[in-house]
Number of protein chains: 2
Amino acid sequence: MKHVFATLAITTLGLCAAPGSAQPPQPDWRSQGIIYLDHSLNARLHTVPIQAVHLGDGFWANRRWVTTEHSLPTMLELLEEHGVMDNFRRLSGRKNVARRGPVYTDSDAYKWIEAASWALASNETTDADKQKLRQQIESMISDIAAAQEPSGYLNTYYVGDKAHLRFTELVRSHEDYCLGHLIQAAIAYYRATGSRALLDPAIKFADYVVDNFGPTKRPFMTGHPELEMALVELYRTTGDSKYLEFVRYLFSGVERDRMKWKESDVRYTFSGRQFTTRTEFEGHAVRALYAVSGATDYFAETGDPAYKRTLDLLWTDLTMRKMYITGGVGSRSSGESFGEPYELPSEQAYAETCAAVANVMWNFRMLAVTGDAKYGDVLEKALYNGANSGMSLSGTMYCYRNPLATNGEKLRSPWYDTTCCPPNIERLFESLPGYFYAISRDGVFVNLYHNSELNWHLEDGTGLKLAQTTSYPWSGDIHLTVTPDHASDFTVYLRWPSWAPAASVQVNGQPFSTANSHPGSFIAISRMWNKGDAISLSLTMQPTPMVSNPRVADTYGRIALQRGPLVYALEQIDQGGSPLYDLFYRVNSTPAIEQRKDLLGGVVILKVNGAAAEKSLGDEPLYEPWAVAAARGKRPAMLTFIPYYAMGNREPTPMEVWVPASRAEGQYLPPSATAERRFGPSGTR
Amino acid sequence: MKHVFATLAITTLGLCAAPGSAQPPQPDWRSQGIIYLDHSLNARLHTVPIQAVHLGDGFWANRRWVTTEHSLPTMLELLEEHGVMDNFRRLSGRKNVARRGPVYTDSDAYKWIEAASWALASNETTDADKQKLRQQIESMISDIAAAQEPSGYLNTYYVGDKAHLRFTELVRSHEDYCLGHLIQAAIAYYRATGSRALLDPAIKFADYVVDNFGPTKRPFMTGHPELEMALVELYRTTGDSKYLEFVRYLFSGVERDRMKWKESDVRYTFSGRQFTTRTEFEGHAVRALYAVSGATDYFAETGDPAYKRTLDLLWTDLTMRKMYITGGVGSRSSGESFGEPYELPSEQAYAETCAAVANVMWNFRMLAVTGDAKYGDVLEKALYNGANSGMSLSGTMYCYRNPLATNGEKLRSPWYDTTCCPPNIERLFESLPGYFYAISRDGVFVNLYHNSELNWHLEDGTGLKLAQTTSYPWSGDIHLTVTPDHASDFTVYLRWPSWAPAASVQVNGQPFSTANSHPGSFIAISRMWNKGDAISLSLTMQPTPMVSNPRVADTYGRIALQRGPLVYALEQIDQGGSPLYDLFYRVNSTPAIEQRKDLLGGVVILKVNGAAAEKSLGDEPLYEPWAVAAARGKRPAMLTFIPYYAMGNREPTPMEVWVPASRAEGQYLPPSATAERRFGPSGTR
């Protein structure tokens, strides 16, 4: 079957065979991961289905439990309260009400269904919850399917007197985006249950688009990329290459003239021109990151090298110039957009939750395509910090923006008029079991660390159990037990995160050399594995003061504290009397680690001997001679850091990630003897 | 006459007398300064007319010469080319064309007339130029007056099928703003020539507004403050208190309900609510600064203490939290607006030229009201730097934005679709002679330093000549000769700028103690002055590394170099091979001063032994552990600074005001022994 698929994809793409060719046999829904890569010739890693992973107690189990028990039910209530489902019911006559909400509300229902579906697939969801969720989903699907027009068209906004505008104002209409989320929800429900109840309507709408639009038909370009990912996944699910063909068309940008897009539209949407001509991120951050995610999916199927080159260029642009240390993305509120290179303001950061979620999705795809651990680093960073902060510990309050500093404004809300972020973080959390492990031709990859068990098989069909015990991210010690059905020669790949300067490995109690690896790579342990073989991995997890590239004006001279994958932050509420803005970080202090089970759902906090301005900076001039400022006194002050993701879970309080390094203790000290020597006594070259 | 005026103002305001009461005799136009304060009971300083000041060679003489010879003629051509004057001609039938340009083009013509009028008033303008300018102005006035409707209404946009919208959409319409500039232009032309050719149409339109709008008539609020200043000046010019009354109405904000303004309108326009309830700057920077300028004028006439309290609060907010070191204002492009407190990004700075001009105008008014030198400091800072940068050395290219760092983008243009800034900086430069000196009840104030001669009289009528010789701002040595008509007891006030740590004064060769003064105050020399008495003032003018309050995230850990009133900047073009972003400032270097008559019209440049990253920062990671970054090497590099105002006058090139302080040489050095002692060996409190 694998070969049939691969050949088909290449042939179809190579020859531009007419769409609608005979459909190949469909693979078993039970084998499909959150994205399904078993037949993707250009993916080094193949995902495992959520059902194959048991998630044990710990960090993400808590977050997923809260999501299932609190987020999904309260969000469904709010969707009902704000008329999102009624918008469907009015079309079928089940409810006689006016349409409510902005143009894209349908997508919120779809994202909720996707999240609930991944919960259904999970081994940790209780039977009672599964029964309730399935009932809720089926009821929603019934309302959605009943709203679908005979043609297949399905959107609650472009109806009635707006019907004539369908697909004519895609820069703002979100019809493409809603369709994308419909497809993703349908696939998730299918992969969780085998039910085609939503998949068939989704295919019907997808076919409506694919059949009616194209170079020789009506023009189409995504105004909010997202459909690309969804259509590639639909191709992977159905095997029908017409969806992949359409994605090529979407990325071609050939319809710019026919659709009369302005240059600003092309910039804002990150669409509308040949994808492979892009060299930098710009415009709307979520649009751009969904576009590159879809392009990575497209590359996984086609292997078009121009796509890989473009993706590499863009990844470098993002991670070298345009990403927050939290993995958050999007520097400007205006246009929810990227800024200039190195424009990464903390307090004004937009860093929309959806963009961090998209960053996780993109890096997961890049990791799958390449097997390169550097993508795992960014995935982990965005997941634990910039995305994770998007949902409160209670699971019922959300951030839309995730700035890296606040003046005490309230960031979290249970609902937003544009409520894209809440169900997006929910679908990410519920899909998490699908991220931890992957299978390659030569073995198994451990992407993320958590108490868990993988129960799946190697590529050759050999059954494999992999059990993981750890208190990660609070500790860097991880124990694995490898249990193949029978003694077998393969490789276990362990991700060595770039934040860990050292890693030590033992296999069955014997040291295993990591000399061939380095931080930011996978440690490859190739051997004949027997049932019950034990691996111990120990990652050095010290609190680490981080700096940014000095080109980031906003964070120059400042320190962010990180420990393991977690970025830390100061909240005013923990700092005693001093206003946050009076506090300074002393880089040579040694942070103390303190476990606090009572605090913020159980966290490790960090304490640092810092300094506080003797006279509050709120009363100091805006500008003054360096000599005057350097003479100002500071007194010792203890800084108490909490993990960034846990910010904003108590009363509104000022917060900051980047703490100014104390200048009284060095920043402006006279040049050291070494420096003097380098410059020479006269100070001239 | 003085008492008549003062009493009238107070009485009228106190009793709310009906407008249109009998007009008092009008003062001689020859005695009126750029604002006319002789009868303003609450102004400590009284301005002197432009005609009373001779400007000798030097810094501002050059800028004014360029303005008269190059800016005014080329700008007039461009106004014609873009249809600004045709917009008037079409209304009178003199030209059969369509209206062109945005809603506010009339104001650009008015600002040009104001600039040209001040040029007419100047002793330095040649007779030939005066003749040409007068002809041009008269011709424009003829076109303008011919476009005025019999009712008095005069605006080229709200005509024809837009006439029914008059004064109904003031948040965007700029009708109020255009009227304000019409009045200011009319007054300038009147004060330059005695001609009422434009004053009478301006009064007619002002009367139309004042007669038809008000609490019991149609509602009015300024959507772009500016009219407030103009109407107070019209009151000062005509003596008719109805204009002052109307300003009180404008500042009352009582029409918010009748005009259905949203909260966002009130924020954006800095209008629409009782002025004295404001506590901080917000919204559109130019609107806000024109509003406070008008409120200061209003206070000068009425003495309402609530206004003074509000103005003091706002001035503190501006200078402690929201102003660039250049005197520029406006942190955000979005809404051309103020940001949060301490939100002062360099590269993203908006810092519109108009806002810096407004800052000069406001601080001149505050200085006049109080006689407090701190306003002179801000006036000087904005004038020499953030406003001055708005016009190229050639006088034909302008900045709209004046950021404090660029990546090499082209900042200057001869024209903008919204071309408010070019004629605004022209009117400021042409009016400059009116800023240098002022008369108080007890003597004479020297606000600014420049080769010049004041030929005026003290309050008691005693004729006074004051001759000033200096090469300021390149040197801090100033010589003055005081020549009263007859020996006379009065005070000469010399501004001791806050940038000068030391000042020494000699009178007729004898030391004069400055013990009662301090930087940022006026040195008061009270004595019996005889003809030809000589004063020498020597201000210490050393290159001074400046820092910002650490609360400004964008400039923390960075140095701006200042010498005298001038802020300096690095341009890439002067730095040899290293990219600007690789350069660091060593705070303990001693900047070298170099006179360069050949460069940028003649400047003093500053050279500093700095450092450059050994490996370019463009290739370094975005985030890394402090310990890794601190180990990176730097090599010596010479930094060459030019005055900020002269930036962008050669090829487009990266520029920055705030240079990162080198961290290799101290920023992250181990704590000094002193610091260790303070913290104790254990690092705990």
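Filtering region A:58-82 down to residues that are under 17 Å from A:Asn451 (Cα atoms) and in contact with a strand residue (DSSP E or B) (Cβ under 8 Å, 6 or more places away or on another chain), which residue is surrounded by the most Cβ atoms within 10 Å (Cβ to Cβ)?
So the first thing to find is which residues in region A:58-82 are under 17 Å from A:Asn451 (Cα atoms), and the list is A:58-65.
Next cut, in contact with a strand residue (DSSP E or B) (Cβ under 8 Å, 6 or more places away or on another chain) only: A:58, A:61, A:63-64.
Values: A:Gly58: 19, A:Ala61: 18, A:Arg63: 22, A:Arg64: 24.
Among those residues, the one meeting the criterion is A:Arg64.
What about B:Ile535, is it in the same structural domain as B:Tyr449 (by TED's automatic domain parsing), farther than 30 Å from A:Leu617 by Cβ and in contact with a Phe, Trp or Tyr (Cβ under 7 Å, 6 or more places away or on another chain)? Taking the combined requirement at face value, the residue does not satisfy it.
Which of the residues that make up region B:105-164 are among the hydroxyl-bearing types (Ser, Thr, Tyr) and over 29 Å from B:Gly56 (Cα atoms)?
From region B:105-164, those among the hydroxyl-bearing types (Ser, Thr, Tyr) are B:105, B:107, B:110, B:117, B:122, B:125-126, B:139, B:142, B:151, B:153, B:156-158; that's our starting set.
Of everything in region B:105-164, those that are among the hydroxyl-bearing types (Ser, Thr, Tyr) and over 29 Å from B:Gly56 (Cα atoms) turn out to be B:Thr105, B:Ser107, B:Ser139, B:Ser142, B:Ser151, B:Tyr153, B:Thr156, B:Tyr157, B:Tyr158.
One residue alone among B:Gly303, B:Gly328, B:Gly339 is in the same structural domain as B:Gly386 (by TED's automatic domain parsing) and on the phi > 0 side of the Ramachandran plot, and that residue is B:Gly303. Restricting to region B:604-633, name every residue that is more than 8 Å from every other protein chain (Cβ to nearest Cβ) and among the charged types (D, E, K, R). Answer for region B:604-633, where residues must be more than 8 Å from every other protein chain (Cβ to nearest Cβ) and among the charged types (D, E, K, R): B:Lys607, B:Glu614, B:Lys615, B:Asp619, B:Arg632. For A:Tyr400, indicate whether it is aromatic (Phe, Trp, Tyr) and surrounded by fewer than 24 Cβ atoms within 10 Å (Cβ to Cβ). Judged against the criteria, A:Tyr400 is a match.
Just one of the numbered conditions (1) within 14 Å of chain B (Cβ to nearest Cβ); (2) in a helix (DSSP H, G or I) is not true of A:Leu428: (1).
Of the listed requirements (1) farther than 26 Å from A:Asp619 by Cβ; (2) under 28 Å from the mean Cα position of the chain (by Cα); (3) more than 7 Å from every other protein chain (Cβ to nearest Cβ), A:Thr555 misses just one: (1).
Each row is one residue, and each column tells you yes or no for (1) within 29 Å of the chain's Cα centre (by Cα); (2) part of a strand (DSSP E or B); (3) within 11 Å of chain A (Cβ to nearest Cβ).
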{"site": "B:Pro501", "(1), (2), (3)": "yes, no, yes"}
{"site": "B:Pro511", "(1), (2), (3)": "no, yes, no"}
{"site": "B:Ile525", "(1), (2), (3)": "yes, yes, no"}
{"site": "B:Ser538", "(1), (2), (3)": "yes, yes, no"}
{"site": "B:Val547", "(1), (2), (3)": "yes, yes, yes"}
{"site": "B:Ala560", "(1), (2), (3)": "yes, yes, yes"}
{"site": "B:Val567", "(1), (2), (3)": "yes, yes, yes"}
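This table checks each residue for (1) at pLDDT 90 or above; (2) under 43 Å from the mean Cα position of the chain (by Cα); (3) within 28 Å of B:Ala637 (Cβ to Cβ).
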{"site": "A:Ala627", "(1), (2), (3)": "yes, no, yes"}
{"site": "A:Ala631", "(1), (2), (3)": "no, no, yes"}
{"site": "A:Leu639", "(1), (2), (3)": "yes, yes, no"}
{"site": "A:Gly648", "(1), (2), (3)": "yes, yes, no"}
{"site": "A:Thr653", "(1), (2), (3)": "yes, yes, no"}
{"site": "A:Arg678", "(1), (2), (3)": "no, no, yes"}
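Restricting the search to region A:488-499, which residues are outside any loop (DSSP other than H, G, I, E, B) and either within 14 Å of another protein chain (Cβ to nearest Cβ) or crowded, with 20+ Cβ neighbours inside 10 Å (or both)?
Listed by number, the residues that qualify are A:Phe490, A:Val492, A:Tyr493, A:Leu494, A:Arg495, A:Trp496.
Return the residue satisfying two criteria in turn: it lies in region B:266-299 and is out of contact with any strand residue (DSSP E or B) (no Cβ under 9 Å at 6 or more places or on another chain) and among the acidic types (Asp, Glu), and of such residues it is nearest to B:Pro225 (Cα to Cα). Going through the qualifying residues, I end up with B:Asp297.
Out of the residues in region B:318-373 that are within 12 Å of another protein chain (Cβ to nearest Cβ) and of a type in the set (Lys, Arg), which is nearest to the chain's Cα centre (by Cα)? Checked region B:318-373; the qualifying residue nearest to the chain's Cα centre (by Cα) is B:Lys322.
The values are calculated or read from the model by the stated rules, or taken from the named source; none is laboratory data. Here the structure is a predicted model, which means the values were calculated and not measured. Backbone-built Cβ (ideal geometry, glycine too); neighbour counts: all protein chains shown.
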